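The values are calculated or read from the model by the stated rules, or taken from the named source; none is laboratory data. Just so it is clear, the structure is predicted and the values come from calculations on it, not from any experiment. A quick note on method: Cβ atoms are made from the backbone with ideal geometry, for glycine too, and the neighbour counts reach across all protein chains shown.
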Amino acid sequence: MKLLEDRIKRDGTVLPGEVLKVDNFLNHQVDPQLMYELGGEFKRLFADAGVTRILTVESSGIAPAVMAGLQMNVPVVFARKHRSLTLTDNLYTARVYSYTKQVNNDISIDKRFIDPDDKILIIDDFLANGQAVEGMLEIAKAANVEVAGVGVVIEKRFQKGHQLVLDQGIHLEALASVTSFDDNQVHFAEDDAD
Ligand code: G4P
Ligand code: NA
Ligand code: NA
């Protein structure tokens, strides 16, 4: 998506360890207008998928997921990383390992917010090693719901997550697909190189 790629080129910084810092529009400050456009793109890409609910994980997945939900007119539920006082025992839980932070997080959603008839679209900000998406897929499986696809704002195609999702035969869409950070520049895949 050109709008997003241009914004990444303008405002993104490449940090050591192949990390892309985009905290002025996605990971800290959020640009609502841009998020709204991204939501519209997700709607277009998954138009025929019969999505009834969007699933993401706090915190940075929420902004794009909510805008996709607004555009697609479906509810959005985000998995929580920390046990909330109001969360009951009635949870689906998956363990997510973060390579970058080298910690395990349990992510949970209340069973009330997923329905056996649901067709779930999983949305996240980044697809890197794919552990967050794997956790959400595990929750979808436990809830016995169909997965319409996985949509991510930015994928680092050279890391494990991209192939991990495709190997399961899941429809994957990345609005920006980074192929390398050679020479400290962000390089994107051609739009049709899927
Ligand atoms: P994974 O979910 O794909 O396995 O990601 P990984 O463990 O490698 O990364 C852990 C966290 O770092 C995730 O956020 C993920 O979104 C984020 N991340 C991975 N690569 C990048 C990158 O190049 N740039 C940025 N900005 N973030 C990256 P999280 O811990 O779940 O945090 P948050 O959603 O609360 O922000
Ligand atoms: Na995230
Ligand atoms: Na993040």
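For Glu190, the criteria (1) within 15 Å of ligand 3 (Cβ to nearest atom); (2) in a loop (DSSP other than H, G, I, E, B); (3) not β-branched (Val, Ile, Thr) hold in every case but one, which is (1). The residue that is farthest from Asp124 (Cα to Cα), counting only those in the stretch 77-93 that are away from ligand 2 (no atom under 14 Å from the Cβ) and in contact (Cβ under 8 Å) with a residue 24 or more places away in the chain, is Arg83.
Residue-wise test of (1) surrounded by 15 or more Cβ atoms within 10 Å (Cβ to Cβ); (2) farther than 17 Å from Pro64 by Cα; (3) over 11 Å from the mean Cα position of the chain (by Cα).
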| site | (1), (2), (3) |
| --- | --- |
| Asp124 | yes, no, no |
| Leu166 | no, yes, yes |
| Leu175 | yes, no, no |
| Thr179 | yes, yes, yes |
| Asp183 | no, yes, yes |
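For the stretch 106-117, the criterion of being touching a His at 6+ places or on another chain (Cβ under 6 Å), in a strand (DSSP E or B) and of a type in the set (Gly, Ala, Ser) is satisfied by no residue at all.
Checking each residue in the stretch 1-34 for being surrounded by 13 or more Cβ atoms within 10 Å (Cβ to Cβ) and farther than 22 Å from Glu190 by Cα picks out Asp23, Asn24, Phe25, Leu26, Asn27, Val30, Asp31. Condition (residue is under 24 Å from Asn105 (Cβ atoms) and either within 16 Å of ligand 2 (Cβ to nearest atom) or at pLDDT 95 or above (or both)) applied to the stretch 43-54: is it met by at least one residue? Yes, that holds for at least one residue.
For Tyr97, the conditions (1) surrounded by 14 or more Cβ atoms within 10 Å (Cβ to Cβ); (2) closer than 21 Å to Leu175 by Cβ; (3) at pLDDT below 95 are fulfilled apart from (2). For first residues located in the stretch 4-17 and in contact (Cβ under 8 Å) with a residue 24 or more places away in the chain, partners that are hydroxyl-bearing (Ser, Thr, Tyr) and not in a strand (DSSP E or B) and lie 6+ apart or on another chain with Cβ distances below 9 Å form the pairs Gly17/Thr100.
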